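Okay, so here's the structure we're looking at.
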Amino acid sequence: MDFKRKYPLQLQHILITPMIFRENVLLFRELPYPTLNGIRDLAEYAGFSYSAVRTALSRVRAKGEIETFKDEKGKIRYSLTEIQKSVSRVVSNQKDRPEGFILAVFSFRKDDEKERYVARETLRYYGFKRLAQNTYINGLIDTKELTSAIRKYGLDKNLYIFKCPDIEEGALKDKILEIFDLKRRVLFLNQFYNDLYYFFSEENISEDECARRYLYAGPVHYLKCFVDEPPFPARFLPEDYPLNKIEGLIKLFSTQNRDKIIRYYIKINN
């Protein structure tokens, strides 16, 4: 099974992956910020050309979605913006959020296609799922980060947030479970766990390949286990719900290959 072919990534997700690891994963916390070479290496591993990487980086820099700075030796390094950091904080706090739901409703004029797209994508990055036309649902996350991002994009007058700390109506709970199909979700996550296990378990791969697999699995895990994760409160989930074992597998792989990953990262971002 070709893991990369089964779980392809968009270039926009690959570009910021080294920055996300440097910012949020303890293993990378004391390491240098990534360089163009580090971003290029992972992007080419994912199947993208160097010219595509340079073009995409220029585009996201112009939009203010990533930041650059020169280190003490004058080398250009890349870091996340505050909005990207806020998404990472929401992801890391996913397990600690209280039970309940948030509804996000937006309203635009018919010709506001660009603004509507930005609103949809921003909600998606923060874990919201489409419930109905112009209506998205999420677990009860802290909305300060989302509100700040929406305000930065100038869309705060178009987006309405409604918090639902508890839903006692049984029929409504059943309808939400039916919409997001919990049984199918469990089957998918178990299959994803198996695929990731084999991706990590192949023997006789190089040190660089080992590190690249770990970095590639990061954004795939984010997309499949956060962005695509239905907004089910914990009490709705079976005891053996696969999210924890998936996260445990990733942590085990990073622990077992810690030195290899660090050596690769330092070498490729030198």
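Key figures
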{"quantity": "Options R124, R130; residue that is of a type outside the set (V, I, T), touching a strand residue (DSSP E or B) at 6+ places or on another chain (Cβ under 7 Å) and either surrounded by fewer than 16 Cβ atoms within 10 Å (Cβ to Cβ) or outside the structural domain of P230 (by TED's automatic domain parsing) (or both)", "calculated": "R130"}
{"quantity": "Candidate set: the stretch 73-100, residues that are farther than 16 Å from R151 by Cβ and at pLDDT 80 or above; chosen: the one surrounded by the most Cβ atoms within 10 Å (Cβ to Cβ)", "calculated": "Y78"}
{"quantity": "Complete set of residues in the stretch 19-64 that are basic (K, R) and in a helix (DSSP H, G or I)", "calculated": "R22, R40, R54, R59, R61"}
{"quantity": "Some residue of the stretch 230-239 being part of a helix (DSSP H, G or I) and free of Cβ contacts under 8 Å to residues at least 60 places away in the same chain", "calculated": "no"}
{"quantity": "Residue within the stretch 12-22 that is surrounded by fewer than 14 Cβ atoms within 10 Å (Cβ to Cβ), of a type outside the set (V, I, T) and either without any contact (Cβ under 8 Å) to a residue 60 or more places away in the chain or within 18 Å of K85 (Cα to Cα) (or both) present", "calculated": "yes"}
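To keep it simple, each residue is scored yes or no on (1) closer than 26 Å to R120 by Cβ; (2) out of contact with any Cys (no Cβ under 8 Å at 6 or more places or on another chain); (3) not hydroxyl-bearing (S, T, Y).
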site	(1), (2), (3)
Y214	no, yes, no
K245	no, yes, yes
S254	no, yes, no
N257	no, no, yes
I262	no, yes, yes
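Residue-by-condition table, conditions (1) surrounded by 17 or more Cβ atoms within 10 Å (Cβ to Cβ); (2) under 30 Å from C164 (Cβ atoms); (3) modelled with pLDDT of 95 or more:
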| site | (1), (2), (3) |
| --- | --- |
| Y222 | yes, yes, no |
| F236 | no, yes, no |
| I246 | yes, yes, yes |
| Y264 | yes, no, yes |
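Here is a yes/no grid of residues against (1) assigned to a loop (DSSP other than H, G, I, E, B); (2) more than 30 Å from I261 (Cβ to Cβ); (3) assigned by TED's automatic domain parsing to the domain that holds A104:
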| site | (1), (2), (3) |
| --- | --- |
| S148 | no, yes, yes |
| D156 | yes, yes, yes |
| Y160 | no, yes, yes |
| R184 | no, yes, no |
| Q191 | no, no, no |
| F200 | no, no, no |
| N204 | yes, no, no |
| C210 | no, no, no |
| Y214 | no, no, no |
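The values are calculated or read from the model by the stated rules, or taken from the named source; none is laboratory data. Note that this is a predicted model, so its numbers are computed, not measured. For neighbour counting, all protein chains shown are included, and Cβ atoms are generated from backbone atoms with ideal geometry for every residue, glycine included.
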